[in-house]
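This report concerns only the one structure given below.
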Amino acid sequence: MTEPETRIRTAERGDDAGLGALDRAAWSTLHAVVPAPVPPYGPFFDERHLPGDYLVAVRGGALAGYVRVVQPIPLASHAHVLQIQGLVVAGPARGKGVARALL
């Protein structure tokens, strides 16, 4: 059976619920600095987390992962400096090159 192709694109507002679900599924005491999320869940995107900050991986029509890349120092002289502030790959997509494609 042929593996579906991984497509990378910029996140869109319509990805909010799917990215929120991916983020909650990836929560772990091994790396989290905030308590486990509990319902009701807030929106994934907000004024500090904009769709343009995220690249998403899509496999077989479903969200397979995301990476958040932002400019950590908001100065024009540092515009070339970017920082990864989140990387998630859905469980079923792990080991399939999704993180590599996102990076």
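Read the figures in this text as sums done on the coordinates, not as results from a lab. As the structure is a computational prediction, the values presented were derived from the model and not from experiment. No Cβ is skipped: glycine too gets one built from the backbone with ideal geometry, and neighbour counts run over all protein chains shown.
At a glance:
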{"quantity": "Estimated inter-spin distance, ASP46 and ALA25, nm [label 7 Å along Cα→Cβ]", "calculated": "2.3 nm"}
{"quantity": "Value at 222 nm in deg cm²/dmol, rounded to 500, when DSSP H runs of n ≥ 4 in the chain each add -39,500 (n - 2.57)", "calculated": "-4000 deg cm²/dmol"}
{"quantity": "Residue order, fewest to most surrounding Cβ atoms within 10 angstrom, among VAL33, VAL98", "calculated": "VAL33, VAL98"}
{"quantity": "Cβ-based net charge around GLU5, under 13 Å, with every Lys or Arg adding one and every Asp or Glu removing one", "calculated": "+3"}
{"quantity": "Label-point separation in nm, ILE73 to VAL33, each point 7 Å along Cα→Cβ", "calculated": "1.8 nm"}
